[in-house]
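J.: Structure in structure tokens, see below.
Every number in this text was worked out from the coordinates using simple rules, so none of it is lab data. Here the structure is a predicted model, which is why all the values come from computation and not from measurement. All Cβ positions, glycine included, derive from the backbone under ideal geometry; neighbour counts span all protein chains shown.
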Amino acid sequence: MMVNRKKPPLLGIPPSVKITDLAARHGFQPKPEEEKRAMRDKFKLELARESLNVPAPNSRSSLRYDTEVDDAWASLPVTSVHFYERNPRKANNEAYAELKESIRVNGILQPLSVTKRPGENHYILFAGGNTRLQAIRELWEETGDEKFRETRVIVKKWRGESAVLLAHMAENTQRNDMTFWDKANGTLELKKQLEDENGQSLSFRDFESALKKAGVQVNLQSISAYRFAVERVPDIGPWLSGLSVRNIQPRLNLLLKLANHHDLEEDTFYSQIVTPAAKGIAQDVLAGEAFSADQFQAAVERALCSRLDIEARDMSRMLTAIERFPNMTLEELRKLCKPTPPASSAASAQAPSAILRAGRGETGPETTAHAKAAPQSDISKTRTPTVSVNVTGNNPSAAQQDPSPVEAGASESGSPLPAPENRVVELVQEIVVQAGLGSCYEAAPDMPLGYVMGFPKDGPLDLKEQAQSRQAAWWVLSMASSQFDPDICRAGLDEANVWRGLIREESDAQTLGGLELEIQHNIGGQGEFLAIPWLMNTENPIAGACLSLLSLIREVRP
């Protein structure tokens, strides 16, 4: 039979006596709640440290007593974890308010990873988490809620500064929330840290391999862009993107080649040309203007033109030539820079017809004589030879031009020309007007169709609206005019005509692709590869007119 015996009172103290009353009777006063809380936190932290420093029994780990057990879990006060001062991500998180609210409701769902440098008593973040730590710290300070006082962490073994920096790079890259500028600075800082720890330089290929092993997806092209941004144009770095650098870097490399042709060294080029331009753009952006890579490149090109004392148009020719013919000498480049012909000698060759000037509301003394012969607003009334010649220019010997030009649309006897020839002239007029090529059209009475297509006076066609239509129309009209035939150009164009000079130099091989460079710079596109889908587009009136012109040319060709 079991006997229910009561336990004797502890230390002989009756159960009715409270320990706190007994302590107060003997002069002991309870500590304030804040002091007791601080003591508990301190004890808990010390206990966590000691437990992490003791390896498991029979463990073969090589960790020393003053290191941390790798991947151990702990709960630490948020104030005992410090931010990583070398965090490569500098830009603020745009979703910070949403993240903070999520932590307020749900806490930190993904635990922070921390590590501790040898000889230090506080932990630092190991792989990202700076934004989450900032948010929970602010919540603890703002609310005093116990659930924000501590956070669960994963303690990582200390592996060196480069390992921590690399871990932060990998974590931020995976989240895809780093700017191009932060990636550039972080990547180059990591390379320097690895070289310092290894005591030797690291090739960029080996550096690329190390990054990929750590989970940072990068290639040599990206590393080159990072170097260019940080080392060459740091003043505009915060506003750069990978796309803008891919546009800027090749252009500056090309400008540098031109500078080298003029005995301007690389350091001088960047310190005296590029850097001042970058600083000027940076000041404009800080003043409220939007950053534009095109404006920056234009500023560099203007500065280089001023330094080399060359015109912008000449520099564009030189750059195009260097890009296509890298071994060209400075003298060969200078041959591409031709003085503008005097207005008096080139007026008839470069001025558009009176009808095109009248259509744009322009008048001038140089059109008076021509206006007498063309009183109506129609290209078909301008002075041209008959169209009974080889308009394609494939058989120059068949071109029987009348030395006394007559009005288009009539024969020498005054009778009307056949309908196809009239329609050719009308289509030329229609294409010029619809495609906006009035600045390219040059009256040339001795050419088969009475005109030649020059280059636009207001900038390259491929930089304007409806670039494809304007380029294709220019090619159709230029090929229809027979202006690519050297013999026809010699017979039909004045000595001062720019196109005649380019054709002559091309045939005489005096320059390396001068005509091709001019066309590429001013027009763009390739006439021998006209886009068939563009020509067959029934909704494009310019394409329709060009297709009709090409068909009619086949009819009037002998």
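J.: For SER241 and GLU311, calculate 0.36 nm times their separation in residues minus their Cα-Cα distance, and state this gained length in nm to one decimal.
T.: Taking SER241 through GLU311 to full extension adds about 22.1 nm, to one decimal.
J.: Please give the net charge around VAL105, taking every other residue with its beta carbon less than 13 angstrom from that of VAL105, where Lys and Arg add +1 and Asp and Glu add -1.
T.: It works out to a net charge of 0.
J.: Here's another thing I want to ask about it. Report the extension gain between GLU195 and ARG334 in nm, rounded to one decimal, defined as 0.36 nm multiplied by the number of residues separating them, less their alpha carbon distance.
T.: Values: separation 139, 0.36 × 139 = 50.04 nm, distance 4.63 nm.
Additional length available on full extension: 45.4 nm.
J.: Longer than 19 Å from Cα to Cα, which of LYS191/LYS212; LYS36/LYS100; LYS257/LYS279; LYS157/LYS212; LYS192/LYS212; LYS183/LYS212 are they? Say none if no pair is.
T.: On the way: LYS191/LYS212 13 Å; LYS36/LYS100 30 Å; LYS257/LYS279 22 Å; LYS157/LYS212 21 Å; LYS192/LYS212 17 Å; LYS183/LYS212 15 Å.
With Cα atoms farther than 19 Å apart: LYS36/LYS100; LYS257/LYS279; LYS157/LYS212.
J.: Please identify which residues in region 190-219 have an amide N closer than 13 Å to a label point set 7 Å out from the Cα of ARG159, following the Cα→Cβ vector.
T.: Under cut-off, by backbone N: 210-216.
J.: Let me ask something else about it. With each label point set 7 Å from Cα along the Cα-Cβ vector, what nm distance links THR538 and MET39?
T.: Once both label points are built, they end up 9.5 nm from each other.
J.: Could I have the simple spin-label model distance between LYS31 and TRP73, label points 7 Å from Cα toward Cβ, reported in nm to one decimal?
T.: Computed distance between label sites LYS31 and TRP73 equals 2.9 nm.
J.: Please give the length that would be gained between ARG324 and ARG227 if that part of the chain were fully extended, namely 0.36 nm times their separation in residues minus their C-alpha to C-alpha distance (nm, one decimal).
T.: Details: separation 97, 0.36 × 97 = 34.92 nm, distance 2.63 nm.
Length gained, ARG324 through ARG227: 32.3 nm.
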